[in-house]
Structures are given as C-alpha cells and as structure tokens.
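Nothing in this text is a laboratory measurement; each read-out follows from the coordinates by a stated rule. These numbers were taken from a predicted model, which means no experiment stands behind them. Note that each Cβ is placed from the backbone with ideal geometry, even for glycine, and that neighbours are counted across all protein chains shown.
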Amino acid sequence: MPSTFKKFIENLVRGKAPGPSTSFSMFHFFLALELMAKKPIGRNKLARELCVGDGAVRTIIRRLKEADLITITKEGCKLTEKGLSVWKTFEEIFPKRLSIGETELTKAGPNFAFLVKNSGHKIKSGIEQRDAAIMGGAKRAIVIVSKDNHLVIESISNDVAKQFPKAADQIMESFKPKDNDVIVIASADNILKAKRGAFAASWILVDSKKKE
C-alpha cells in the first residue's frame with residue numbers, strides 16, 4: 001500500500017499543529033469511518049461507540065470534515081465520496097475483521113482478528129505486532145501467516161493445522177487467507193479493546209518494509 005495513504009491518515013489523526021495529548025488514536029478514526037460506512041451516525045452515538053468524551057468526538061468529527069471525508073446531515077455524520085474512497089482503501093488492506101470464538105489458540109477472550117493482505121513477508125518474529133497490540137489495549141495477541149498453503153506462527157508452529165487443528169479450521173473457514181496474508185488475533189477484557197489491539201498490530205504492517 002502506498003506510503004501516501006498511511007501518511008495521510010496519520011497526519012489526520014496528529015492534527016495540523018502540536019497541542020495537548022489527545023484521548024483518541026488511529027483506531028478511533030478507523031472505527032468512525034467503519035461505522036459511517038454502514039449508515040450516518042450522530043455525534044452522541046459515535047462518542048458512545050468509540051468510548052470517547054464529547055471533546056474528543058468533536059475533534060474527530062472536525063478533522064474528518066476538514067479533510068472532506070464526511071459531511072454533516074440531519075441523519076448524522078455521513079461519508080463523502082472521498083471518505084468512501086478512503087474507507088475502500090482500508091477494506092482492501094483489512095478485508096476481514098471478525099470476532100473470534102474460543103479455540104486452542106484463543107482460550108481467553110473476547111478475541112478479535114484482522115486479516116492483513118499480502119504482508120506475511122514483513123513478519124520476522126511477530127513480537128513487534130504483539131507489542132503493538134498490547135499497547136493498543138489487548139492483553140495478548142497471536143500473529144499467523146499463511147505460507148505455502150498452511151498457517152504458520154513464527155517461533156511457535158510451522159503448521160498450525162497439525163498442532164491446533166480446531167483453530168486452524170476456524171481461521172481458514174472464517175478468513176480464507178491467501179498465500180502471504182496475515183491474521184492478527186488480539187484478546188482483551190472487552191471486544192472494543194480486542195479490536196483496537198488487533199488494529200494496532202495490523203496497522204504497523206501497512207507499508208512497512210520487509211524485515212531482514
């Protein structure tokens with residue numbers, strides 16, 4: 001994915017000028033766009049869905065509006081054509097985003113997983129992604145790579161189907177990964193934190209260079 005997309009989103013979140021630390025992250029902008037892609041949403045409901053305060057949600061809405069990604073209607077915040085285009089790019093990068101039930105790999109939950117397209121070559125040990133997930137609010141995370149028609153967890157399993165057959169079946173059925181795709185599964189105290197952790201781990205793979 002071109003670096004311009006990632007830079008655009010990060011600059012949007014960062015704002016135009018230095019200021020006080022914010023109570024929102026890249027994930028909140030991603031989730032806001034995901035919610036608005038389904039249907040228009042009002043400010044109060046958006047704040048509840050994002051679990052942020054009134055000041056934070058006002059800033060998120062203002063920045064999205066200034067970037068011409070949303071418009072404000074009677075029904076609420078709605079994506080513009082540019083906003084829909086940005087969301088389409090997100091969906092191309094993360095085409096599958098699902099809550100995951102309990103398996104041999106996900107005994108503690110709730111769990112949420114992201115499929116990251118064509119990024120397996122960027123994984124070295126998975127530690128960087130796991131650390132990002134924990135920083136994002138997860139308690140733990142697993143990074144799985146689709147490689148040569150089977151699932152691999154670096155330093156843990158060269159063939160997930162042999163060691164964790166139920167988990168492998170669930171992942172293959174739910175995500176249908178292609179070769180070199182990555183599945184990041186994050187576990188947390190609640191589903192929003194799990195999703196935020198999975199996003200954080202997945203986001204650092206966007207436009208990152210291959211690990212040597």
Task: Hits in region 165-203 (condition: surrounded by fewer than 24 Cβ atoms within 10 Å (Cβ to Cβ) and out of contact with any Ser or Thr (no Cβ under 7 Å at 6 or more places or on another chain)) - done: PRO165, ALA168, ASP169, MET172, GLU173, SER174, PHE175, LYS176, ASP189, ASN190, LEU192, LYS193
Task: Candidates SER155, SER146, filtered to the one that is free of Cβ contacts under 8 Å to residues at least 40 places away in the same chain, crowded, with 16+ Cβ neighbours inside 10 Å, hydroxyl-bearing (Ser, Thr, Tyr) and outside any helix (DSSP H, G or I) - done: SER146
TODO: Report whether or not ARG130 is in contact with a Leu (Cβ under 9 Å, 6 or more places away or on another chain), outside any loop (DSSP other than H, G, I, E, B) and among the basic types (Lys, Arg).
DONE: no
Task: region 161-186, subset of a type in the set (Lys, Arg) and within 22 Å of SER125 (Cα to Cα), residue farthest from the chain's Cα centre (by Cα) - done: LYS162
TODO: Take region 42-59 and flag every residue that is under 14 Å from GLY76 (Cβ atoms) and crowded, with 18+ Cβ neighbours inside 10 Å.
DONE: LEU46, ALA47, LEU50, VAL57
Task: Lone unmet requirement of (1) over 21 Å from ILE93 (Cβ atoms); (2) surrounded by 14 or more Cβ atoms within 10 Å (Cβ to Cβ); (3) among the charged types (D, E, K, R) for LYS162 - done: (2)
Open item on the list: I need the helices (runs of 4 or more DSSP H) fully contained in region 1-113, keeping only those with at least 2 residues that are closer than 30 Å to MET172 by Cα, within 20 Å of the chain's Cα centre (by Cα) and among the aliphatic types (A, V, I, L, M).
Closed with: 26-38, 81-93
